[in-house]
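> First the structure, then my questions, so here it is.
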Amino acid sequence: MFTPNNGETMGAGYWLNPGTSQCVRVATTHDEWVRDRGNAESIGLPQAAYDAIMRHPATAIDEIRLVALNWGLVRIREHPRYTSIQFAAQPYNVKAILQVVVTALAEVKLHPDTMLVIDNLLLHDSARIALGELREKLAKDEPVLPKQDDVIPNVPMDHPFWEEIERRYGHKEN
């Protein structure tokens, strides 16, 4: 465990790439770790994402983390009373991401009674749930987050967007 400047003791931290199922323990803070080019490459972060991260000063901790999350990584941090899980995903990706998270948490040997605080920052969607209960809900194909099953509506065919598509490309999508 290490103690950041605010005095709160935190446990292990991880970056998880749900596309590859690769989970890497972070020896420092998440933002410091992902600012290292070798680390970013090792977790599968694209060069464009790394470039976006490096446009921020090292002091822009939250912005750096958000860039990594918006490029598909999952941030995991153990705390004394809970483990936080943060990602940014569309509703149709949430279940798959949570299944990869459960697998990663099993590998780091988190106890089934561990309380998880799960935040989908893209949808402003959160849940507090024990790891064992999360496993059960996923096995039963039950939603974990309130907005997980939301449907993102298609763009109506009379939307001005389609006029621009037709002007540029000569056709509308059906």
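Bear in mind that the values in this text are calculations on the coordinates, not laboratory data. Fair warning: this is a prediction, and the values are worked out from it, not measured in the lab. A quick note on method: Cβ atoms are made from the backbone with ideal geometry, for glycine too, and the neighbour counts reach across all protein chains shown.
> Run through every distinct alpha carbon pair of the stretch 13-139 and return the Kirkwood hydrodynamic radius in angstroms, one decimal place.
Details: mean 1/r = 0.0681 Å⁻¹.
Computed over the stretch 13-139, the radius equals 14.7 Å.
> If I model a spin label at Q22 and N70 as a point 7 Å from the Cα along the Cα→Cβ vector, what separation in nanometres do I get?
Placing both labels 7 Å along Cα→Cβ, they lie 2.3 nm apart.
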